[in-house]
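Have a look at the structure below before the remarks.
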Amino acid sequence: MDVLNSKRKSNSTGRILGAALLLTVLLIVFRLSPDFISPKVVSRQEPGVTHVLVTGGAGYIGSHAALQLLKDSYRVTIVDNLSRGNMGAVKILQKLFPEPGRLQFIYADLGDAKMVNKIFAENAFDAVMHFAAVAYVGESTLEPLRYYHNITSNTLVVLEAMAAHNVKTLIYSSTCATYGEPTKMPITEETPQMPINPYGKAKKMSEDIIIDFSKTTNMAVMILRYFNVIGSDPDGRLGEAPRPELREHGRISGACFDAARGIIPGLKVPLFTLSFFFFPFVFSWLSYYKTADGTCVRDYIDVTDLVSAHVLALAYAKPGKVGIYNVGTGKGRSVKEFVEACKRATGVDIKVEYLSRRPGDYAEVYSDPSKIRHELNWTARHINLQESLQIAWKWQKTRLNGYSPPMAIG
């Protein structure tokens, strides 16, 4: 009888040890998976590691910012609903930084306050870089309520979650559109904010909310008002890939590349002209934009410079302080100049069609970036328009389908 009991105990012990060994092996395999991040890693503060929530991190600017943060050894969590972002960009970042605890992606909409609160509860964020926003001037005039909800209301949700979970640092992605159309150039941070379209108005409202809220807390806030973004990652890993249905609202660089690739027949440039007949003369060319060549003037900032300003702002952010900075080159370039640079960069003689002015648009906007230069020691380095476009074109010409499998042309 004793021998029988001994055998039963031995078999039972063997089963327990076998099950424990199997569980250990499965856990090790699971932990080594590139998509695995231990809940313990992201849910606790770790000395020497700054965990940054990047909202809209699957988008054009947000993905480049996430890349720079990861290169600089930050821990990054991307939250994006992929309405404007690209999962392909996230997958590239995951392949570049597969180590557990470096990068995680969460699919979520910032309009869902319950979900946002859950994300903050489960992650020990040290800072937030808030990029997520719809961001087309023309579209904002057609869908103003969408813009106020997506930009202003969602910023409120993020701030409430930060307050509830004691996250004290915010880097806010704003825009020169909050200034509207100033009568004096260049634009400084003291230039009155008088936005003329729903996009700029929604961003200004968000700024006002952030500033008012910061007065009641010890938050470290940096607000970056940047100008027209161009370019892409110099190493060719990331680029700009807008939704096809949004091309008519998108950036001029995207339109130039679409024209160069033959996706669209040519480039449409806002420029209103009026001709009238008075015998025996024909009078013409009354420019809608009051600029030197009749096309609007913008300050084009390379995305690499832009994200470096964000990361630097994070390093300089101080509790109880609000920093507001223009991020631009300080030089205005007309759309005609831009188109000529794009022609040289792509080697394609792009056809140009001139149209009437877009609703909510403005004639001339360029920055005075001296404040950010003096206070953060930042200055734009990629200021050659053609070179920035050439770098972006290298990515674009092999990405006819954006982040879908590469397809070379030309």
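The values are calculated or read from the model by the stated rules, or taken from the named source; none is laboratory data. Just so we're clear, the structure is a prediction, and the values are computed from it rather than from any experiment. As a convention, Cβ positions derive from the backbone with ideal geometry for all residues, glycine included, and neighbour counts pool all protein chains shown.
Structure notes:
- In region 201-253, the residues that are surrounded by fewer than 21 Cβ atoms within 10 Å (Cβ to Cβ), touching a Gly at 6+ places or on another chain (Cβ under 7 Å) and farther than 26 Å from Phe338 by Cα: Asn218
- The set of residues in region 55-80 being farther than 16 Å from Arg237 by Cβ and either of a type in the set (D, E, K, R) or crowded, with 20+ Cβ neighbours inside 10 Å (or both) consists of Thr55, Gly56, Tyr74, Arg75, Thr77, Val79, Asp80.
- Residue match in region 343-360 (condition: touching an Asp or Glu at 6+ places or on another chain (Cβ under 9 Å) and at pLDDT 95 or above): yes
- Inside region 149-189, residues that are of a type outside the set (Ser, Thr, Tyr), part of a helix (DSSP H, G or I), within 18 Å of Glu139 (Cα to Cα) and over 16 Å from the mean Cα position of the chain (by Cα) make up a count of 1.
- Those residues of region 144-173 which are over 18 Å from Met219 (Cβ atoms) and exposed (fewer than 15 other Cβ atoms within 10 Å of the Cβ), in sequence order: Leu145, Arg146, His149
- Looking only at region 176-200, and only at residues there that are more than 25 Å from Leu159 (Cβ to Cβ) and touching a residue at least 24 places away in the same chain (Cβ under 8 Å), the one that is surrounded by the most Cβ atoms within 10 Å (Cβ to Cβ): Ile187
- Selection from region 296-320 of residues that are over 11 Å from His382 (Cβ atoms), out of contact with any strand residue (DSSP E or B) (no Cβ under 6 Å at 6 or more places or on another chain) and touching a residue at least 12 places away in the same chain (Cβ under 8 Å): Cys296, Val307, Val311, Leu312, Tyr316, Gly320
- Residues in region 190-222 that are over 13 Å from Thr175 (Cβ atoms), within 21 Å of the chain's Cα centre (by Cα) and not in a helix (DSSP H, G or I): Ala220, Val221, Met222.
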